[in-house]
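Heads up: the structure comes next, in structure tokens.
Just so it is clear, none of the values below were taken in a lab; they were calculated from the coordinates. The shown structure was predicted, so the numbers you read here are calculated from the model rather than taken from an experiment. Neighbour counts run over all protein chains shown; Cβ positions are idealised from the backbone, glycine included.
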Amino acid sequence: MAGRIKDEDVQAVKVALRIDAVVGEYVQLANGGGGQLKGLCPFHDEKSASFYVNPAKGVFNCFGCQESGDTIGFVMKIEHLSFVETVERLAPQVGITLRYEGGSYVPGRQQGERTRLLEINKLASTWFQEQLNSPEAEIGRRFLKERGFEREAAAHFSVGYAPGGFENLTRLLRGKGYTDRELLLSGICSEGRRGPMDRFRARLIWPIRDLTGEVVGFGARRLREDDNGPKYLNTPETPLYKKSHVLYGIELAKKEIARSGRAVVVEGYTDVMACHLAGVPSAVATCGTAFGEDHIKILRRLLMDTSAWKGEVVFTFDGDAAGQKAALRAFEDDQKFAARTSIAVSPGGMDPCELRLAEGDDAVRNLIEHPVPLFEFAIKAAVGSHNLDTAEGRAAALDQSAPIVARIKDRSIQHEYAVRLAGLLGILDEQFVVRRVGQLARWEAARRDAGGNAQGGPQRRGVQPAPVQAAPQRPAYRLDPRNPAQFVERELLKLALQFPALVAPMLDHFGVDEFATPPYASVREAVVAGGGVTTGAQAADVWVDVLREVAPDDGVRGLITELAVEPVRTRRAPDAVYAGEFLVRLRLQAVARRVAACRGQLQRLGTNGDPEQLAAVQGELWALQQYEGALRSRGAAAL
């Protein structure tokens, strides 16, 4: 049996391979001074580059996590290979035939498991491509042509076809000397009743490669209606293929991503093809899984994504509900990038492949060149899910969108979007929204500081992280007697409970929503449930008992009791004039809120809004202003 690889062959591999070229396949390197190159360490998360490569000495070192070594050591660590597997993988790249102590090299004997699996995938990929020219594959060629991909495009992306039989590829690979165990382990085959059988049958095939260009898995697209399998079938998790660690097209896009400082993330294999053919060669796609943290790590290294240098990541998603959900999910990972993150959604909701087919290459390039910042998209999506014509809807929209604005890292942009959010919501008090966003941003910063760095970096050894403090819960509504608006509501309710005849029947015509303070609105609802103040005037001796009985909970019941015993704020005995004064003041407050709502609605509609809608809102605003004038001049007589 052959022995260990000869030392001189190992040394020849190391000499022939420049370490900066090998490391550069995984990490975007920049000038580090003194003849060294630097980049973001691939072995731990970091904000600033502490990973250095010395091409002259053929070594690397990370000053952050202390990983170090030579070319072979780097590949061993990043690909999780054994020493022998690494040398056997690198030797063919520089044309070196390895020799072994005690015998010659026998292919398939001393090769490591990973090397064998890579060979299986490479053979399978070549075979699939050959099958695309077969008569059976006409359906696959037609599928590609209908989407604008000629044979040259299919060849460029190594697209292939898997015939419909159960053992076509299995027999071929067995004939090459690969064991059933290796065929199952590679994911090329699945377990059948009589042993391994072809996993992919009667489908178009896309090879999925790692950063170095090695085929690590496959994606297969259903073509026939009688195929009951999923639309896309991918290689299962294997020692080579982990779907959360790969990006389709990364081997083709990596140089352009590093050169341009922009990565484009699309949803499917045909979208990647469409973008590359249209002149957007930095496009990649996830493979059957959501864009996640491991994908971020890959792009950050290629983008040299540090706080000092900001690239751009552009996401494209379908315009439907699922696409919006995917975009918002991507926004959740925004903090893990220093890069600008944007989203490009075509007006018709078409994906890049459909857009290229419908409108040509220029339309695809234009889509990518004019993205919307991802946080702007997230804000508008949050606001758009609420009814802004109601106070409750605007409050809910603010609750959902303010935390999104607070997460914007650039403080100046954060302030600008806080002001824009006020406009989107139709809230005239911009500073209220700005203060709200600022408070949430401070809570978020405190939370990150308490829990470690925001990139999720490691804690210093021996140092326990401080407990994370959650953002304070919104307190229960606090009544403030010094608040003029609340004072009016409180005083009128005291009259309704203690002297119902003074406000009957007028108060019964007031809406519950005219009481803007929630606890007082609850008491007003109890008054309605008890029959109204007209009923109370007719049975004043049991009126408070009736209201306490219909109160929904102890809190409202207690407030009713409190209002029933608290003196009315007048030096003279309460009379109809005093009651009329507070009825008018309450109505004026309600009118003022509605006027503000109309102005906010006009602001949202803008000058280019629907003419009929604009006219309706302007008409309502005019009527409200006339009514407000009448209330001020005529008092209770205008009610």
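The fewest-to-most ranking of Leu240, Leu184 by surrounding Cβ atoms within 10 Å reads Leu184, Leu240.
I want to make sure I understand the PRE zone here: with the label point 7 angstrom from the Cα of Asp545 toward its beta carbon, which residues in region 498-517 have backbone N atoms less than 17 Å away? Only 498 fall inside the zone, counting backbone N under 17 Å.
Once backbone amide H atoms are built at 1.01 Å from N, Phe218 has Ile208, Thr235 as its partners under 5 Å, excluding neighbours fewer than 5 places away on the same chain.
Taken over region 152-206, the convex hull of the Cα atoms encloses 86 Å³ per residue.
Taking each DSSP H run with n ≥ 4 as -39500 (n - 2.57) and averaging over every residue of the chain yields -15000 deg cm²/dmol at 222 nm.
Our summary gives region 113-241 a relative contact order of 26 percent, counting only alpha carbon pairs under 8 angstrom and 6 or more residues apart. Within the straight-line cut-off of under 26 Å between alpha carbons, the lysines reachable from Lys38 are Lys14, Lys47, Lys57, Lys77, Lys254, Lys255, Lys297, Lys310, Lys336, Lys409, sequence neighbours fewer than 8 places apart in one chain being disregarded. Ranked by the mean number of other Cβ atoms within 10 Å of their residues, highest first, the peptides 396-405, 33-42 come out as 396-405, 33-42.
Per-residue Cβ neighbour counts within 10 Å put His370, His245, His295 in the sequence His370, His245, His295, beginning with the fewest. The stretch between Lys77 and Glu237 holds 55.6 nm of extra length on full extension. This uses 0.36 nm per residue minus the Cα-Cα distance. Taking each residue as 0.36 nm, the span from Glu369 to Gln400 lengthens on full extension beyond its C-alpha to C-alpha distance by 8.2 nm.
Computed from Cα positions, the angle between helix 518-529 and the longest principal axis of the chain comes to roughly 60 degrees.
With θ taken as phi - 60° and the Karplus curve 6.51 cos²θ - 1.76 cosθ + 1.60 applied, the whole-hertz 3J(HN,Hα) list for region 396-403 is 5, 5, 5, 4, 7, 8, 4, x Hz, x standing for glycine and proline.
Annotation: amide H-H contacts under 5 Å for Ala283 (H modelled 1.01 Å from N, sequence separation of 5 or more, or interchain): Val264.
Can you pull a Stokes-Einstein diffusion coefficient for the chain at 4 °C (1.567 mPa s), Rh from Kirkwood over Cα pairs, as a whole number of µm²/s? Estimated diffusion coefficient is 43 µm²/s. Look at the alpha carbon pairs under 8 Å that are at least 6 residues apart: their mean separation over the length of the chain gives a relative contact order of 8 percent.
Show me the ranking of peptides 68-74, 201-207 by mean Cβ neighbours inside 10 Å, starting with the highest.
The densest-packed peptide leads the list: 201-207, 68-74.
Considering the zone a paramagnetic label at Arg593 would reach in this model (a point 7 Å from Cα along the Cα-to-Cβ line), which residues of region 501-538 have amide N under 11 Å from it? Flagged as within label range: 511-522. So what's the angle, to the nearest 10 degrees on a 0 to 90 scale, between helix 411-425 and the longest Cα principal axis of the chain? The helix 411-425 is inclined about 50 degrees to the chain. Any idea what the relative contact order of region 484-638 is, in percent, if you count C-alpha pairs under 8 Å spaced at least 6 apart? Taking the mean separation of contacting Cα pairs over the length of region 484-638, I get 26 percent. Ranked by how many other Cβ atoms sit within 10 Å of their own Cβ, fewest first, the residues Asp508, Asp553, Asp389 fall in the order Asp553, Asp389, Asp508. Computed from Cα atoms, the angle from the helix 484-498 axis to the main principal axis of the chain rounds to 50 degrees. With R₀ fixed at 22 Å, the C-beta to C-beta distance from Arg604 to Asp513 puts the FRET efficiency at about 0.60. For the pair Asn31 and Val15 in one chain, pulling the backbone fully straight at 0.36 nm per residue adds 3.5 nm over the alpha carbon distance. The orientation-averaged shadow of the Cα convex hull for region 142-246, equal to a quarter of the hull surface, comes to 7.8 nm².
Converting phi to 3J(HN,Hα) with the Karplus coefficients 6.51, -1.76 and 1.60 and the offset θ = phi - 60°, region 372-388 yields 9, x, 4, 5, 5, 4, 5, 5, 5, 5, 5, 5, x, 8, 10, 7, 7 Hz in sequence order, with x at every glycine or proline. Computed over region 7-94, the P(r) tail beyond 16 angstrom holds 50 percent of alpha carbon pairs.
What the Cβ-Cβ distance of Asn483 and Arg571 gives, at R0 = 30 Å and to the nearest 0.05, is a FRET efficiency of 0.85. Couplings 3J(HN,Hα) for region 600-607, derived from phi with the Karplus relation 6.51 cos²θ - 1.76 cosθ + 1.60 (θ = phi - 60°), are x, 5, 5, 5, 5, 5, x, 6 Hz, where x marks Gly and Pro. Model label sites at Arg259 and Phe432, defined 7 Å from Cα along the beta-carbon direction, differ in position by 5.3 nm.
Close amide H pairs (under 5 Å, H built 1.01 Å from N) link Val313 with Ala263, Arg340, Thr341, Ser342, residues at least 5 positions away or on another chain.
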